[in-house]
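Working notes, beginning with the structure itself.
The values are calculated or read from the model by the stated rules, or taken from the named source; none is laboratory data. In this text, all values refer to a predicted model and were calculated from it rather than measured experimentally. Heads up, the Cβs are rebuilt from the backbone with ideal geometry, glycines too, and the neighbour counts pull from every protein chain shown. These accessible areas exclude ligands, DNA and RNA; they are computed on the full protein's heavy atoms, side chains included. Shrake-Rupley method; radii C 1.70, N 1.55, O 1.52, S 1.80 Å.
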Amino acid sequence: MNEQTLARICELDQQRKNLVDSLRHKPAGLAWCQSHTDLFDGAIEALVAESTSLNPAMAHLTVISTGGYGRREMSPYSDVDITVVPPEESSPELDRAIRAFFQDLHTTFGSIFGVGVGYAYRLIADAPGLDAKSRTGLVDARLLAGPIDLFQRLNDELDATMAAGEFILSKIAEREAAFAKYNETPLVVEPHLKEGAGGMRCFHCANWIRSSIGERECKPTKAYDRVVQTRNLLHMVTGRATDTLTRARQEELASIQQAGESEMMSEVVLAASEVHNEYLSTKDRLLDTRFSLSRSVTAIRGEARITANADAGESAVGLSIATALGLRVADLQAHPGSKVSGAAAAYAITTGERTLRNLDRAGLLEHLLPELTKCRALMPQDNVHRFTVFEHTLQLVRHLDNLPSPSYLADLRANLHDLEPLYLAALLHDVGKVDTARPHSDSGAELAFGVCQRWHLSAETSDLVRWLVQEHLTMMRFVRLRDIDNPDTIREFAAIVRDQSRLDLLTLITWADVNAVAPEAWTAAQESFLHELHRRTTEALELENPIPFDPAQQRQRLMRQLKEDVPAEDLRRFVDSLPPYYLASTPPSLVKLHYQLVNKAHQGEPTVESFTQPELSATDITVCTRDEKGLLSRLLGIFYAYDLSVSAIRACTTETDQPVALDTFTVAYGGRPVPNATRAGVSSAILAMLGGEKTTEEILRERGKDPDRDQEVFSYTFIPGSPAVLEIRAPRGRGMPYRFSRLIAAQGWNTFAARVGQWADSGAATFYIGAGDENLLTKEAVESVLSSSKRD
């Protein structure tokens with residue numbers, strides 16, 4: 001940063017301090033936030049001007065503000081969120097411009113202004129794979145600098161790929177979670193001014209919902225301005241971004257406003273109540289307007305309508321969203337076409353009993369699972385079952401939906417990799433009873449496998465569903481008839497289930513199946529025996545797979561090394577050796593750690609490090625080692641082997657004589673951070689692979705995965721450039737990133753970065769790739785490779 005720019009930044013910082021101090025004499029809300037935002041805009045303008053003068057490539061970058069910065073709602077210590085959108089064509093000059101700009105952002109906002117700064121690097125091709133949370137920040141985006149056409153194209157792509165129903169559902173779910181965490185009513189003594197009921201987020205969410213259904217956004221009210229003003233004052237007196245108005249701070253805020261403490265708090269909670277009511281009214285609007293729930297289902301004045309000749313699976317997803325939103329399902333029987341998207345149907349049934357009953361009401365269940373609807377009036381052949389086979393099955397699903405909590409059963413369900421096998425096996429567990437000549441578990445397993453084939457589910461899912469139906473009576477047989485205190489019994493049962501995932505799934509189905517027979521069918525003794533059988537079998541399975549080390553101790557050892565001083569020049573050279581998106585995706589607190597890891601890699605010592613990201617319900621796993629061809633593919637294979645879902649990949653390689661890979665993967669296990677035992681197993685497997693002790697293919701086979709399976713069903717878009725962009729859309733599944741990265745590596749192509757997203761019934765991945773030599777990848781070359789793998 002040159003002296004002129006630094007002087008301008010310092011001038012703006014002094015203006016900012018004066019503005020914050022003015023709140024003590026003249027409390028204000030949105031108008032103050034907008035003036036504060038303007039100061040930050042001035043800083044961005046100065047930084048962009050300097051960057052452009054030093055590197056003209058900066059003029060090709062679009063810089064946008066997102067979130068609260070985009071809305072011009074910057075309280076004194078609100079985080080500044082910046083997104084950079086580059087053109088499709090990259091260049092070394094552009095990379096240097098991005099790197100320098102991100103460094104200046106951190107210096108300006110983090111070191112000088114003293115506020116949090118978040119920055120992101122988004123390509124337009126990222127848009128289809130973005131989840132609702134990532135999309136939300138971009139909804140309020142505001143252009144700060146650069147070409148407006150890139151900004152507009154990003155907005156157009158976001159609009160074109162917006163699934164309104166799913167977006168609305170996710171926003172409402174976020175609000176409910178926040179209410180449960182902070183305050184579920186505005187009428188509280190210590191309100192959370194941002195996330196609690198009646199906080200600023202209620203107003204934001206109301207506008208996000210209105211925008212997604214094509215209605216005009218609400219204008220800020222006096223009540224909303226009162227909440228913002230209170231938050232501004234709270235930031236000012238605490239000197240940090242705090243949003244809970246505690247009793248300890250209420251007297252000070254009341255004094256500034258020359259009001260009594262009780263009087264002030266009454267005004268605040270009444271204003272929050274008005275804001276909360278606006279949010280509730282917007283939710284009610286969903287019952288009076290028309291908007292899309294899915295590609296084939298539309299909400300019309302509170303009722304879900306299915307398009308004729310639509311895909312039954314996609315229609316099921318739409319009805320699942322309608323059910324969750326509390327919409328009515330039309331009494332008119334649906335007339336779907338012959339096509340059924342099995343991945344969509346499998347997703348829809350996991351949303352539970354209410355969805356299934358609405359699918360049945362609309363006539364879709366008959367198209368999706370005629371094997372089940374044939375059992376509607378089928379009577380049980382015993383004196384214990386209270387319901388027909390069909391109703392018993394829906395009662396079973398009800399029990400799966402409402403597991404007792406807290407309990408080990410609820411923990412098992414929360415840790416499942418996928419719900420699809422559990423719910424599909426539950427729906428089909430008794431369909432074999434239509435054939436009275438054979439054991440229904442045998443005939444049901446065949447029917448279940450047929451459904452999986454008809455829905456084009458993966459071989460792993462098909463085999464698992466068939467096995468669960470085949471064995472759905474086995475665990476209860478052991479509980480009732482076998483001595484579970486006998487180690488031989490446990491070993492025998494462990495040999496049947498073979499792994500922890502199957503044991504957990506079978507335990508859940510067993511418990512729900514018996515409870516659905518009749519209220520009195522399940523006893524306290526059975527509860528105790530089932531739990532004990534699960535516990536002992538878990539221990540037996542773990543003995544077959546000992547954990548080699550404690551990852552927590554390894555993490556503590558590495559974190560202690562962060563206390564060592566690192567020469568600033570060495571650290572700067574390290575950062576300069578990495579791609580520009582490294583700065584956009586790596587928290588500053590980890591830079592020094594990565595510096596240490598790269599030094600170890602240069603000395604021939606690979607490292608696997610993991611950090612839990614609770615706010616993302618995920619875990620970041622960083623692998624640092626000397627770079628090799630195909631390394632990314634081999635690492636993704638190990639994550640697939642351990643059933644980890646990959647949502648983001650930051651594949652960085654140092655630009656040095658001896659390149660070092662510093663790859664960070666954001667992964668989850670059943671939608672949650674990876675448990676310690678699984679983290680240990682993954683780390684051990686990666687180190688074994690890097691050390692040449694095992695191949696990724698061997699690890700996959702050991703974990704029951706087929707390393708040679710190709711991704712046959714997919715569609716793609718290819719955008720030439722440097723790097724080229726390969727965007728993949730495929731059915732949901734954790735193995736897709738591995739299979740495509742393996743295909744890319746087999747061609748000798750390089751992967752520079754990737755984004756992976758799961759959204760409803762489909763997955764999306766974007767790979768940023770280049771040829772192994774200096775030539776650019778051509779569309780013809782990519783089409784030749786992918787067409788040979790693709791099956792329609």
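Miscellaneous remarks
- Of the accessible area of region 3-55, computed with a 1.4 Å probe over protein heavy atoms only, carbon and sulfur atoms account for 51 percent.
- Estimated D of region 589-677 in µm² per second, where Rh is the Kirkwood radius over Cα pairs and Stokes-Einstein applies at 37 °C, 0.692 mPa s: 244 µm²/s
- Among the listed options (1) 2, 12, 20, 24, 21, 14, 6, 1, 0; (2) 2, 10, 16, 18, 17, 14, 11, 7, 3, 1, 0; (3) 2, 9, 12, 12, 9, 8, 8, 8, 9, 8, 7, 5, 2, 0, the one matching P(r) over Cα pairs in 10 Å bins from 0, in percent as calculated from these coordinates is (1).
- Computed about its Cα centre, the charge dipole of the chain is approximately 1040 debye, with only Lys, Arg, Asp and Glu carrying charge at their Cβ.
- Cα point-scatterer Debye curve for region 278-325, base-10 log of I(q)/I(0) at q = 0.15, 0.17, 0.30 Å⁻¹: -0.37, -0.46, -1.06
- Extending 7 Å from the Cα toward the beta-carbon at both residue 483 and residue 238 defines two label points whose distance is 6.2 nm.
- Sorting 510-522, 377-389, 307-319 by their mean Cβ neighbour count within 10 Å, with the most densely packed peptide first, gives 307-319, 510-522, 377-389.
- Using alpha-carbon coordinates, inclination of helix 222-238 to the longest axis of the chain, degrees: 70 degrees
- Accessible area per residue, Å², region 221-355 with all protein chains present, probe 1.4 Å: 44 Å²
- Pairwise FRET efficiency - residue 156 versus residue 784, Cβ, R0 = 35 Å, nearest 0.05: 0.70
- Size of region 393-535: Rg and Dmax of its alpha carbons, in Å, are 14.6, 42.
- Carbon + sulfur, % of accessible area of region 136-224 - ligands and nucleic acids excluded, 1.4 Å: 52 percent
- Each peptide in 713-725, 466-478, 246-258 gets a packing score, the mean of other Cβ atoms within 10 Å over its residues, and the list from highest to lowest is 466-478, 713-725, 246-258.
- Surface composition of region 389-488: carbon and sulfur make up 49 percent of the accessible area, probe 1.4 Å.
- Spin-label pair residue 259-residue 405: with each label point 7 Å from Cα along the Cα-Cβ axis, the two points sit 3.7 nm from one another.
- Where a label projected 7 Å from the Cα of residue 591 along Cα→Cβ would reach, residues of region 108-139 with amide N under 18 Å: 108-121
- For region 228-285, the spread of Cα positions along each principal axis, largest first, Å: 39, 25, 16
- Burial ranking of peptide ranges 235-245, 664-674, 484-494 (average Cβ count within 10 Å, highest at the top): 664-674, 235-245, 484-494
- Net length gained if the chain between residue 216 and residue 266 were fully extended (0.36 nm per residue, minus Cα distance): 14.9 nm
- Using every pair of distinct Cα positions in region 114-222, the Kirkwood expression returns a hydrodynamic radius of 15.7 angstrom.
- Partner lysines for residue 433 [C-alpha distance under 22 Å; skip if fewer than 8 residues away on the same chain]: 374
- Put a dot 7 Å past the Cα of residue 706, heading toward its Cβ, do the same for residue 45, and the two dots end up 6.1 nm apart.
- Cβ-derived FRET efficiency at R0 30 Å, residue 611 paired with residue 492, nearest 0.05: 0.15
- Relative contact order (percent, whole number), the chain, Cα cutoff 8 Å, 6+ residue spacing: 9 percent
- In this structure, the residue pairs whose Cα-Cα separation is over 18 Å, taken from 194/222; 133/194; 26/219, are 26/219.
- Cα radius of gyration and Dmax for region 253-387 (Å): 22.7, 78
- Relative to the longest principal axis of the Cα atoms of the chain, the long axis of helix 440-454 lies at roughly 40 degrees.
- Helix 631-641 vs. the chain, principal-axis angle (Cα, 0 to 90°, nearest 10): 40 degrees
- The relative contact order of region 35-167 comes to 34 percent, based on Cα pairs under 8 Å that sit 6 or more residues apart.
- Across all Cα atoms of region 1-116, the radius of gyration (one decimal) and Dmax (whole number) stand at 14.9, 51 Å.
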